[in-house]
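Working notes, structure below.
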Amino acid sequence: MSKINLETLILYDNIRRDMLIQAAVKIFNEFDYHEYISYMESEYYQIQRGLLETADDAGIEGTYWQNYICRLIAESENRFSLLSEKGSNDENIHALALRETDVLKKLYRLEWDRVGRIFLDEDTSVCSMRLTGKNQQGTNRNLLKKALESSEPHVTVEGLREYYARYGCGVFESYQAFVWDDGLVGVRNYDKITFDQLVGYDRQKEALIENTEFFINGYRANNVLLHGDRGTGKSSCVKALLNRFANDKLKLISLNKNNVDHLYRIIETAADRGCKFIIFIDDLSFDETELGYKHFKSVIDGGVEAQPANILIYVTSNRRNIIKETWWDRGDNGEVHGNDGMQERLSLADRFGLSITFSSPDKKEYLEIIKGLVRQEGVEVEENSLIEEAMRWDMRQSGRSGRSARQFVNHIHAKAMNSADQKR
């Protein structure tokens with residue numbers, strides 16, 4: 001194999017600068033010249049340790065080394081990958097990518113078995129060990145594996161382009177959910193709740209799903225306010241959207257209410273990407289003395305800069321109008337134009353094109369939610385006994401809600417499991 005020249009990589013600069021890649025190229029370029037490379041033992045074991053440290057559940061069906069190459073390609077944010085993510089193309093950039101596939105494929109195909117025999121008595125090289133994709137991301141990255149194993153450069157570059165168009169690149173390929181902490185922080189183990197697990201509130205769920213489907217399909221969609229009683233599943237419904245539309249490049253960015261003044265920064269980060277983003281603010285409310293709502297109001301509707309088409313804002317709140325309202329606001333509060341002040345405060349909720357109400361269930365609805373959750377958990381319990389115990393549980397709670405129903409079902413499920421264990 002001809003020598004690998006990393007300096008020819010312009011687009012995939014992250015690969016050119018990677019320390020493990022540099023060590024591997026140094027070894028193989030020397031090995032192809034002569035096989036007396038035992039003095040490079042430190043570089044060889046540096047690569048072994050590095051591969052083990054960076055391996056995760058997102059592995060392809062290949063070796064540790066092949067998985068590492070695919071990961072670097074997936075995480076590369078360059079002109080080609082970013083254009084591909086948005087479904088765009090540039091002939092000159094495409095030509096650059098076509099040229100660089102030669103180096104990428106050479107790296108992917110390095111024959112570690114040959115080198116390993118020089119450093120090891122037996123073939124226990126981590127580079128050659130195989131792993132199997134253990135999650136959906138690993139399965140997705142097998143598309144990169146297929147592209148790199150093609151003998152045709154144009155097939156390889158088209159495979160890379162297709163991957164970025166389907167799954168994104170960089171940090172948005174690696175994660176589906178994020179929290180904002182003065183910057184995007186990826187969340188690996190986000191809540192995997194689905195709409196099937198959320199019993200009841202069918203009308204509310206349908207409205208939220210429909211609006212999000214419009215958004216995913218490129219139609220005009222609305223920012224959403226989910227408001228109502230606590231524990232009724234408002235936040236869970238938003239999180240369930242991520243699991244329903246994860247394969248459509250939907251990303252969820254969770255923003256704390258105290259950082260709403262960072263909205264512009266988040267929008268700037270996500271606006272020019274080929275993914276769809278829901279900025280999620282949970283349990284939002286403002287006291288009448290807080291002025292942050294004015295900034296927030298100008299961002300979601302009314303500011304100079306238009307909200308990008310690939311970003312929506314979903315907010316949950318226990319208050320319909322988000323801003324705390326008192327009888328003082330409706331009476332003689334000393335303000336000359338008191339109604340104007342009240343209208344300004346109430347106008348924040350009006351900025352959301354879709355408002356969905358979640359009310360506490362009545363007794364019948366509450367019991368139906370419990371029965372549905374019991375069926376999901378597979379708990380065998382006589383219906384009359386279930387109802388009787390559920391009502392006793394309800395009397396000890398501060399109010400009926402989907403949350404309290406879930407807590408009750410968790411209780412009787414654990415109780416049933418414990419009883420079964422004691423009988424064994």
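Here are the numbers for this structure:
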{"quantity": "Selection within segment 1-24 - within 15 Å of residue 51 (Cβ to Cβ) and either touching a Gly at 6+ places or on another chain (Cβ under 9 Å) or modelled with pLDDT under 95 (or both)", "calculated": "19, 20, 23, 24"}
{"quantity": "Matching helices (runs of 4 or more DSSP H) fully within segment 1-113 where at least 1 residues are over 26 Å from residue 135 (Cα atoms) and of a type outside the set (Lys, Arg)", "calculated": "13-17, 19-31, 41-54, 79-85, 91-108"}
{"quantity": "Filter pass, residue 100 being assigned by TED's automatic domain parsing to the domain that holds residue 24, of a type in the set (Asp, Glu) and buried (at least 19 other Cβ atoms within 10 Å of the Cβ)", "calculated": "yes"}
{"quantity": "Positions within segment 207-257 being among the charged types (D, E, K, R) and under 19 Å from the mean Cα position of the chain (by Cα), in sequence order", "calculated": "213, 234, 239, 244, 248, 249, 251"}
{"quantity": "All positions within segment 275-304 that are at pLDDT 65 or above, among the hydrophobic types (A, V, I, L, M, F, W, C) and in a loop (DSSP other than H, G, I, E, B)", "calculated": "275, 284"}
{"quantity": "Filter result (touching a helix residue (DSSP H, G or I) at 6+ places or on another chain (Cβ under 7 Å) and among the β-branched types (Val, Ile, Thr)) within segment 348-392", "calculated": "356, 369, 370, 374, 379, 381, 387"}
{"quantity": "Tabulated pairs, segment 88-104, first over 9 Å from residue 157 (Cβ atoms), second among the hydroxyl-bearing types (Ser, Thr, Tyr) and part of a loop (DSSP other than H, G, I, E, B), C-beta under 9 angstrom, 6+ apart or interchain", "calculated": "103/12; 104/12"}
{"quantity": "Residue identified as under 30 Å from residue 79 (Cβ atoms), at pLDDT below 95 and outside the structural domain of residue 225 (by TED's automatic domain parsing) among 161, 141, 130, 188", "calculated": "141"}
{"quantity": "Qualifying positions in segment 151-169 - in contact with a Gly (Cβ under 9 Å, 6 or more places away or on another chain), surrounded by 24 or more Cβ atoms within 10 Å (Cβ to Cβ) and assigned to a helix (DSSP H, G or I)", "calculated": "164"}
{"quantity": "Pairs, first farther than 18 Å from residue 67 by Cβ and among the charged types (D, E, K, R) in segment 137-166, second assigned to a helix (DSSP H, G or I) and at pLDDT below 95, C-beta under 9 Å, six or more apart", "calculated": "162/143; 166/140; 166/143; 166/247"}
{"quantity": "Residue match in segment 90-111 (condition: more than 30 Å from residue 217 (Cβ to Cβ), out of contact with any strand residue (DSSP E or B) (no Cβ under 6 Å at 6 or more places or on another chain) and modelled with pLDDT under 85)", "calculated": "no"}
{"quantity": "Condition met for residue 346 (at pLDDT 60 or above and either among the hydrophobic types (A, V, I, L, M, F, W, C) or out of contact with any Phe, Trp or Tyr (no Cβ under 8 Å at 6 or more places or on another chain) (or both))", "calculated": "no"}
{"quantity": "Residue 269 vs. criteria surrounded by fewer than 16 Cβ atoms within 10 Å (Cβ to Cβ) and either β-branched (Val, Ile, Thr) or at pLDDT 90 or above (or both)", "calculated": "no"}
{"quantity": "Verdict on residue 250 being touching a residue at least 24 places away in the same chain (Cβ under 8 Å), under 12 Å from residue 312 (Cα atoms), in contact with a strand residue (DSSP E or B) (Cβ under 8 Å, 6 or more places away or on another chain) and buried (at least 16 other Cβ atoms within 10 Å of the Cβ)", "calculated": "yes"}
{"quantity": "Residue match in segment 59-71 (condition: surrounded by fewer than 19 Cβ atoms within 10 Å (Cβ to Cβ) and of a type in the set (Lys, Arg))", "calculated": "no"}
{"quantity": "Test: residue in segment 259-274 that is in contact (Cβ under 8 Å) with a residue 40 or more places away in the chain, outside any helix (DSSP H, G or I) and under 26 Å from residue 318 (Cα atoms)", "calculated": "no"}
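Residue by residue, here is whether (1) surrounded by 22 or more Cβ atoms within 10 Å (Cβ to Cβ); (2) aliphatic (A, V, I, L, M); (3) more than 25 Å from the chain's Cα centre (by Cα) holds:
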| residue | (1), (2), (3) |
| --- | --- |
| 55 | no, yes, no |
| 75 | no, no, no |
| 80 | yes, no, no |
| 94 | no, no, yes |
| 105 | no, no, yes |
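The values are calculated or read from the model by the stated rules, or taken from the named source; none is laboratory data. These numbers were taken from a predicted model, which means no experiment stands behind them. Here Cβ is always computed from backbone atoms with ideal geometry, including for glycine, and neighbour counts include all displayed protein chains.
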